[in-house]
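To start, the structure under review is shown below, and the notes come after it.
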Amino acid sequence: MATLTFAWRALRRAPAFAIAAALTLAIGIGSTTAVFTVLETVLLKPLPYREPERLAGVWFTFPGMGVPLGPQSASSYLTFRRFSRSIEGMAIIGRGSVNLAADVGDAAPERVAATYASASLFPLLGVPLERGRAFTPQEDSPRGDPVVVISDGLWQRQFGGDAAAVGKHLKIDGVERTVIGIASPDFRFPDARTQLWLPIGVDSTTVYGGAFGNQGFVRLKPGVTIDALQRELNSLLPRIAERYPEVAPGFPTAAFLASSHARVVIHPMRNDIVGGFASIVWIAGAAGMLLLLISFANVASLLLTRAEGRQRELAVRVALGAGPSHVVTQFLSESLVLAAIGGVFGLFLAWVGVRAFVRAGPAGIPRLSEMGLDGTVLAFAAVVTLLMALLCSLVPALRYDTRRLAARLRDGTRGGTTGRDRQRARRTLVVSQVAFATMLVSGAGMLFSSFARLRAIQPGFDAEHTLVLWLSLPTAAYKTDADVVRFSTELLQHVSAVPGVRAAGISSKVPLNNIGINFTPVFTDADRDATNKLPPSATAVTASSGYFDAMGIPLIAGRTFDREDRQAANEVIIDRRTAMDHWKDSTGTASVGRRLRFTQNDWLTVIGVVGAVHDTSLASPPGAIVYMPNVAVADTNQSQVARTMAVVVRAAGDPRALIKPVERAIADVDRGLPPFGVTPMSDTVEQSVARLTFVMTIVGVTACVALLLAAIGLYGVLAYMVSLRSREISVRMAMGALPSSVARLVTGQGATLAGVGIVVGIAIFFMTSRFLRAVINGVQQPDALVVGAVALLLMVIALAASWIPARRAARVDPARALSGE
């Protein structure tokens, strides 16, 4: 304790040094702790389910369709659950949202996130409900009783936490459902947005396999590996075709599985919960670690510089009997005090950073609501603080030999204060800081360049003047396709009459939005042998006559749809990509009049070709799209109307100004339908690059801090070198050296150190840039121009950091410096 007290007093006598060192440590410890908080929550903390290590996700891969990872079908779920000997249970879910009627008066219902789940889900996860029970297999059928399990948050909001809520009713999508269970407050499956769970209604008696559209999970039996389960489920694929000969009428299951080269893929459930966000966490972790290393190098350099200025003091201590352990203890105690101060402020910075991350993080971050500074994070911060104190103290301690210190005291000289070994240590630390900063700034530059390229891409539609509002029509209120078409026709009349609306339309899907994805093989009159191979697939979209004008998608050839009451059901519009895929037609004119069909459906005639749009990502090329008219057909198996529809409005000015008027127009038609996903398309474009923007922000902020720390480190070393060489500089100037030449000498030393660090940093960056390109969609290869600009920026900053010491060296008074010696 006495040693720490002495260290505290010594640091108080050097406040500038103490503040700089403690603040640098706070930045390094804080950034690393914040990143670890995210890492621990997302990747390290066990999933909150019974024996989560035995839970896995079940997926399909369809190489023949170009689908690397696809969901389950009801047929695969029923087959695997019945015949697999390696699993204890299996469940499937589907994600969506529902209209939840308000519990008071005539208020409009709200749109809430829902999960459709098989009855086996809750037993599979092994998580008990707070109250009530989960649904039974009998309730999980097309004719089962209408029941619902609600979240704790919805229980509090709708029923005020009333214990008698179980058994009461909620009106969901127009259907009265009985509340049979209430989930615990910490149950957030599959994510925190889910407010209620509904039976998925698997029909075990159907003869058709159905679409592959459900996420599947299994619990492995003890001792069964993922590889073993994957082999077994792949061996069961023929059973699916045996039990369910057709995916849909006229579409054989065996042919589909063979043509698509379907294979089962098993992942640990953590992979499915975390998704692609794991790569972002590792990138943030690498950036935080580089910042911690820069902080260490900076503080170690400051401590080494401070130790050299205290050589006489240390020599006196050695002469009075202090051994090597005393010198090391002194360095360690000062480092501990600095690290403790830095650790406390670092925890504060981490707390602020995590709170900001929770509030402003991009959509879809897993387990976001669970993030916080828990005991594990505090323990990590303490270990990092102690480690930084130890490492920072070792640098000066290992550079000083007590025998040499005693000899210097006897000689009464300052010899050795500028010894090559210590100069080399300082320079190595500075070069390391510059190299790490170069890596971060180069990474930020590459991300910014990629972001600029993506933003420069024309998406194929008018994003600046378009507003999208989503609606979902419940079957209870709109029983037939004709009812849906009548509603949409009346709706468009009301919306089109709103002042400021230039065009309005509806569709089942809009670009860069996952709602309404319907990916299906397209057979055309150009296919000569369609029965033996799977043709290219396209996204099937239902659209009204005004959709293309509202979205700003240009017509290339032919015509668009007519009004719903005059439009034929057997006509379609395709995009340029579809015309190229099937008829090698870049102009679209040759595709008009050609025919296509979806699996078992009737032949459809192409009446128009429109421009291709970036449907899934700006970083990916436009995908093939087939647009179907929003009309009712007699055969309900071939229904193509949009029950969940996007109302697309093109505004004369700012589309946000139309939100309230359009919502009122919707209420005039049916006030029981709550609009959701109300978003200008410009925001949708921004959200499509949100992940890249988020990573760019993390790396960019880290790079700016790294630049500042590197500049401070370079300045500190050069300033101290000037003070140590004041006598040499005085002699040079006394012998006629010009102040400008002295300034160039000091500046040249700074430029040399920075140059070496820049070269090393760029070399390491080129070796590691592949990782960024591999994990973030849209990141381009490093641009030589960008890397050159980064090198120039760093050199300018290095010269600026060198300018003050160089200016001080040029103003040395030779007479005063020599007399001082």
With every protein chain in place, the accessible area of Phe251 for a 1.4 Å probe, in Å² rounded to the nearest 10, comes to 30
Cα lying deepest toward the dipole's positive end in the chain, options Thr616, Pro474, Gly160, charges on Cβ | Thr616
With all protein chains present, the stretch 1-144 has a carbon and sulfur share of its accessible area (1.4 Å probe) in percent of 59
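Can you give the local net charge around Leu604? Use residues other than it whose beta-carbon is closer than 11 angstrom to its beta-carbon, Lys and Arg +1, Asp and Glu -1.
0
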Could you tell me what percent of the accessible area of the stretch 548-697 is made up of carbon and sulfur, with a 1.4 Å probe and every protein chain present?
-> 47
Candidate lysines for bridging to Lys584, where Cα separation is under 25 Å - those fewer than 8 sequence places away on the same chain excluded = Lys533
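Order the peptides 8-21, 32-45 from the highest to the lowest mean number of other Cβ atoms within 10 Å of their residues.
32-45, 8-21
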Could you work out how far apart the two model spin labels at Thr697 and Met580 are, taking each label as a point 7 Å from the Cα in the direction of the beta carbon, and quote it in nm?
-> 3.4
With point charges of +1 on the Cβ of Lys and Arg and -1 on the Cβ of Asp and Glu, referenced to the Cα centre of the chain, which listed residue (Phe694, Thr578, Ala538) lies farthest in the positive direction of the dipole?
-> Phe694
Work out how much length Ser620 to Val678 would gain on full extension: take 0.36 nm times their residue separation and subtract the Cα-Cα distance, in nm to one decimal.
-> 18.4 nm
Extending each Cα 7 Å along its Cβ direction at Leu236 and Leu785, get the distance between those two points in nm, one decimal.
-> 5.6
At a probe radius of 1.4 Å, what is the per-residue accessible area of Ser496, in Å² to the nearest 10?
-> 60
Taking all protein chains as present, what is the carbon and sulfur share of the accessible area of the stretch 219-261, in % to the nearest whole number, probe 1.4 Å?
-> 59
Extended-chain gain in nm, criterion 0.36 nm per residue less alpha-carbon gap, Trp603 and Ala657 = 15.2 nm
Evaluate the relative contact order of the chain (contact order divided by residue number), counting alpha-carbon pairs under 8 angstrom at least 6 apart; express in whole percent.
-> 16
What residues from the stretch 45-78 fall in the zone where the backbone N is under 14 Å from a label point 7 Å along the Cα-to-C-beta line of Asp186?
-> 45-52
Any idea how far the Cα center of the stretch 640-676 sits from the one of the stretch 501-527, in Å?
-> 19
GluC sites (Glu not before Pro) within the stretch 98-168: DSSP coil, no more than 12 neighbouring Cβ in 10 Å = none
Check cross-link reach from Lys479 to the lysines: straight Cα distance under 26 Å, and skip same-chain residues fewer than eight apart.
-> Lys168, Lys171, Lys509
What is the spin-label model distance, in nm, from Val498 to Ala255 if the labels are put 7 Å beyond Cα along the C-beta direction?
-> 4.6
Taking the Cα centre of the chain as origin, work out the dipole magnitude from +1 charges on Lys and Arg Cβ and -1 charges on Asp and Glu Cβ, in debye rounded to 20.
-> 4300
Whole Å is fine, so just give me how far the alpha carbon centre of the stretch 555-612 lies from that of the stretch 437-479.
-> 27
Could you state the number of Å between the C-alpha centres of the stretch 743-788 and the stretch 247-265?
-> 50
May I ask you to give the solvent-accessible area per residue for the chain, in square angstrom, as obtained with a 1.4 angstrom probe?
-> 44
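The values are calculated or read from the model by the stated rules, or taken from the named source; none is laboratory data. The model shown is predicted, which means the values in this text are computed figures rather than measured ones. When we count neighbours, we look across all protein chains shown, and the Cβ atoms used for this are built from the backbone with ideal geometry, even at glycine. We work out accessible area using only protein heavy atoms, side chains counted, and drop any ligands, DNA or RNA first. Shrake-Rupley method; radii C 1.70, N 1.55, O 1.52, S 1.80 Å.
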